[in-house]
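The block underneath contains the structure these notes are about, expressed in C-alpha cells.
The values are calculated or read from the model by the stated rules, or taken from the named source; none is laboratory data. In this text the structure is predicted, and so the values were computed from the model without any measurement. Cβ placement follows ideal geometry from the backbone for every residue including glycine, while neighbour counts extend to all protein chains displayed.
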Amino acid sequence: MKAMILAAGLGTRMRPLTDHLPKPLLEVGGKPLIVWHIESLVRAGFTELVINHAWLGAKLEAALGDGSALGARIHWSPEGEPLETAGGILQALPLLGRTPFLVVNGDIWLRYDFSHLRTGFAHMEKQAHLVLVNNPPHNPRGDFALDGRMFAGVECIVRNEGDPRFTFAGVSVLHPSLFDGLAPGKHALAPLLREAIAQEQVTGEYFAGPWVDVGTPERLGELDQQIRSGLL
C-alpha cells in the first residue's frame, strides 16, 4: 500500500512562520512535522510515498529529496496552485495506483500505528476508512458520528449525523473509486466523503490520541514544549 502526505497548504494561519518556510517543515521536538510522519510511515512498512506541494514546494523537495535518507521513496506531485484535498489527491492518482492508499494531513502530529491500516485495509472494498479523534476546542461539534461501540481500533460505520460526534483526524485509507467522475481542478474532500457516508461506503475507527491539529503558531509552540518535556 502506498501513502500520500498532503503538504500543499498555504499555511496562512501559521504566518509569519510560513512566510519563507512551508508548514510541513516547521519543527516540533527537534524535527520537521513531515519528518515525524515519514519516520512513522516507514516504521509501519510504508516506503512508497507521494507528497504534493504548492507553497514553497521547492524547499520541501530540497529538504527531503527522494526520501532515501529516511528509508522511503518519495514521488512528488507539484501543484501550481493549491488544488485542495480532493483535487490534489485526484492529480496524484497516477502515482498512487488503483488500489486503496493511505492519506495523512501534513499539518497534524500524532502517535499512531499506521501498520494497522496497511495490513487491515489493503484490500478495502468500501470507499473510505477514517480515523476519528476526540473533538478539540477549535472543533467542539465534531465532524462525523460512529455507528458502533467506540473502542480503539474497532471498525464502525461512519454517519453524517448522530451522537457522540468525533473529529476527522486527517488520517484515512481511500479507495480510488471515491474520485470517479471528478473533473481535474480544485475540490474539497468533505463533500465526497459525506456523499459516500450517505451511501454507507465509509467505515471509521476511534483513536484516543495523542493527536494535535497544528493549525496556529500557539499550538505549534505548545506541542513543541510538550514533546521536549516528555509529556507526548
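Considering the stretch 104-133, the residues that are surrounded by 16 or more Cβ atoms within 10 Å (Cβ to Cβ) and polar (S, T, N, Q) include one that is farthest from Ala3 (Cα to Cα), namely Gln127. Leu192 satisfies every condition listed in (1) without any contact (Cβ under 8 Å) to a residue 60 or more places away in the chain; (2) surrounded by 14 or more Cβ atoms within 10 Å (Cβ to Cβ) except (1). Whether any residue in the stretch 71-78 is closer than 28 Å to Asp224 by Cβ, at pLDDT below 95 and touching a helix residue (DSSP H, G or I) at 6+ places or on another chain (Cβ under 7 Å) is what I want to check. No, there is no match, as no residue in the stretch 71-78 is closer than 28 Å to Asp224 by Cβ, at pLDDT below 95 and touching a helix residue (DSSP H, G or I) at 6+ places or on another chain (Cβ under 7 Å). Among the aliphatic types (A, V, I, L, M), modelled with pLDDT of 95 or more, surrounded by fewer than 18 Cβ atoms within 10 Å (Cβ to Cβ) and not in a loop (DSSP other than H, G, I, E, B) - does that describe any residue in the stretch 44-64? Yes, the stretch 44-64 contains at least one residue that is among the aliphatic types (A, V, I, L, M), modelled with pLDDT of 95 or more, surrounded by fewer than 18 Cβ atoms within 10 Å (Cβ to Cβ) and not in a loop (DSSP other than H, G, I, E, B).
Taking residues in the stretch 113-136 that are free of Cβ contacts under 8 Å to residues at least 40 places away in the same chain, and partners anywhere that are part of a loop (DSSP other than H, G, I, E, B) and of a type in the set (Gly, Ala, Ser), the pairs with Cβ atoms closer than 6 Å and at least 6 places apart or on different chains are Asn135/Gly142. A Cβ distance below 6 Å, combined with a sequence gap of six or more or placement on separate chains, defines the contacts here; from the stretch 157-173, residues that are under 18 Å from Leu189 (Cβ atoms) reach residues that are among the charged types (D, E, K, R) and modelled with pLDDT of 95 or more in the pairs Asn160/Arg194; Thr167/Asp143; Phe168/Asp143.
Kindly indicate the residue of the stretch 159-189 that is under 30 Å from Gln226 (Cα atoms) and touching a Gly at 6+ places or on another chain (Cβ under 8 Å) and also surrounded by the fewest Cβ atoms within 10 Å (Cβ to Cβ) among those meeting that condition. Checking each candidate, the answer is Pro164.
Taken across the stretch 203-216, residues that are surrounded by 13 or more Cβ atoms within 10 Å (Cβ to Cβ), closer than 19 Å to Arg141 by Cβ and of a type in the set (Asp, Glu) do occur, with at least one present. Return yes or no: is Gly142 surrounded by 14 or more Cβ atoms within 10 Å (Cβ to Cβ), out of contact with any helix residue (DSSP H, G or I) (no Cβ under 6 Å at 6 or more places or on another chain) and not polar (S, T, N, Q)? Considered against the rule, which asks whether it is surrounded by 14 or more Cβ atoms within 10 Å (Cβ to Cβ), out of contact with any helix residue (DSSP H, G or I) (no Cβ under 6 Å at 6 or more places or on another chain) and not polar (S, T, N, Q), Gly142 comes out as yes. Residues that are part of a loop (DSSP other than H, G, I, E, B) and either buried (at least 18 other Cβ atoms within 10 Å of the Cβ) or among the aliphatic types (A, V, I, L, M) (or both) within the stretch 65-92 comprise Gly67, Ala72, Glu79, Leu83, listed in sequence order. Quick check, is Phe101 touching a Lys or Arg at 6+ places or on another chain (Cβ under 8 Å) and buried (at least 22 other Cβ atoms within 10 Å of the Cβ)? Here the answer is yes, as Phe101 does meet what is asked. Going residue by residue through the stretch 9-25, is there one that turns out to be at positive phi and buried (at least 16 other Cβ atoms within 10 Å of the Cβ)? Within the stretch 9-25, one or more residues are at positive phi and buried (at least 16 other Cβ atoms within 10 Å of the Cβ). Just so you know, in the stretch 9-24 the residues that are part of a helix (DSSP H, G or I) and not hydrophobic (A, V, I, L, M, F, W, C) include one that is farthest from Val214 (Cα to Cα), and it is Thr12.
Scanning the stretch 115-166 for residues that are over 19 Å from Trp211 (Cβ atoms), assigned to a strand (DSSP E or B) and either under 17 Å from the mean Cα position of the chain (by Cα) or modelled with pLDDT under 90 (or both) yields a single hit, Asp147.
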